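Taking it in order: structure first as structure tokens, then the write-up.
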Amino acid sequence: MWLNILPHFPKLTRYSLGEKINLSFIELAELILTAGFASREMKLPIIQKACLKLDVLKFFMRLAWELKAIDNKKFAPISAPLVEVGKMLGGWQKQLTKNSSY
């Protein structure tokens with residue numbers, strides 16, 4: 001979805017804010033993939049980084065929306081999966097925290 005939106009960003013923000021969002025998506029995917037293959041002891045810190053990266057990504061997406069670089073028709077469909085990813089990461093983090101406290 002994001003790669004279809006980026007080319008329509010205004011030139012003023014495409015190579016700054018647009019690229020920051022693009023990089024955040026890539027880094028978030030990398031952290032989630034890394035956590036999936038990490039040892040049990042290493043998963044929690046990586047998931048915590050992924051949660052932080054997701055929050056940063058959502059912040060920059062809202063900023064792009066407020067600056068009118070993304071209109072409502074594009075913002076709503078891409079926001080819903082980000083919320084879902086947040087729920088999934090939160091559940092994963094909660095499970096890891098609960099298991100590590102034993």
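A short reminder: the numbers here are calculations on the coordinates, not readings from a lab. The structure presented is a predicted model; accordingly, all values stated were derived computationally and were not measured. All Cβ positions, even for glycine, are placed from backbone atoms using ideal geometry, and neighbour counts span all protein chains on display.
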Review point. Dipole magnitude of the chain about its Cα centre, charges +1 at Lys/Arg Cβ and -1 at Asp/Glu Cβ only, in debye to the nearest 20?
Key: 140
Study note, to complete from the structure: Applied in sequence order to segment 7-13, the curve 6.51 cos²θ - 1.76 cosθ + 1.60 (Karplus, θ = phi - 60°) yields integer Hz couplings, x standing for Gly and Pro, of x, 8, 5, x, 4, 4, 10
Review point. Under the definition of Cα pairs under 8 Å and six or more residues apart, what whole-number percent is the relative contact order of the chain?
Key: 30
Check your understanding: Which angle from 0 to 90°, rounded to the nearest 10, does the C-alpha axis of helix 72-100 make with the longest principal axis of the chain?
Key -> 10
Check your understanding: Which of the peptides 42-51, 72-81 is most tightly packed, and how do the rest follow, going by the mean number of other Cβ atoms within 10 Å of each residue?
Key -> 42-51, 72-81
Review point. For helix 19-37, what angle does its Cα long axis make with the longest principal axis of the chain, in degrees from 0 to 90 and rounded to 10?
Key: 20
Check your understanding: Applying the Karplus parametrisation 6.51 cos²θ - 1.76 cosθ + 1.60 with θ = phi - 60° to the phi angles of segment 53-62, what ³J(HN,Hα) value in whole Hz is obtained for each residue in order, glycine and proline being reported as x?
Key -> 5, 5, 4, 4, 4, 5, 4, 5, 5, 5
Revision key, fill the gap. For residue 94, counting only aspartates and glutamates whose alpha-carbon sits under 20 Å away and dropping same-chain residues fewer than eight positions off, the answer is 41, 55, 84
**Study point:** Which listed pairs, of 20/98; 11/49; 20/49, have C-alpha distances above 28 Å, in listed order
**Key:** 20/98; 11/49
Review point. Binning every alpha carbon pair distance of the chain at 10 Å from zero, what are the percents per bin?
Key: 15, 44, 25, 13, 3, 0
Revision key, fill the gap. Applied in sequence order to segment 38-48, the curve 6.51 cos²θ - 1.76 cosθ + 1.60 (Karplus, θ = phi - 60°) yields integer Hz couplings, x standing for Gly and Pro, of 6, 5, 3, 5, 8, 4, 4, x, 6, 5, 4
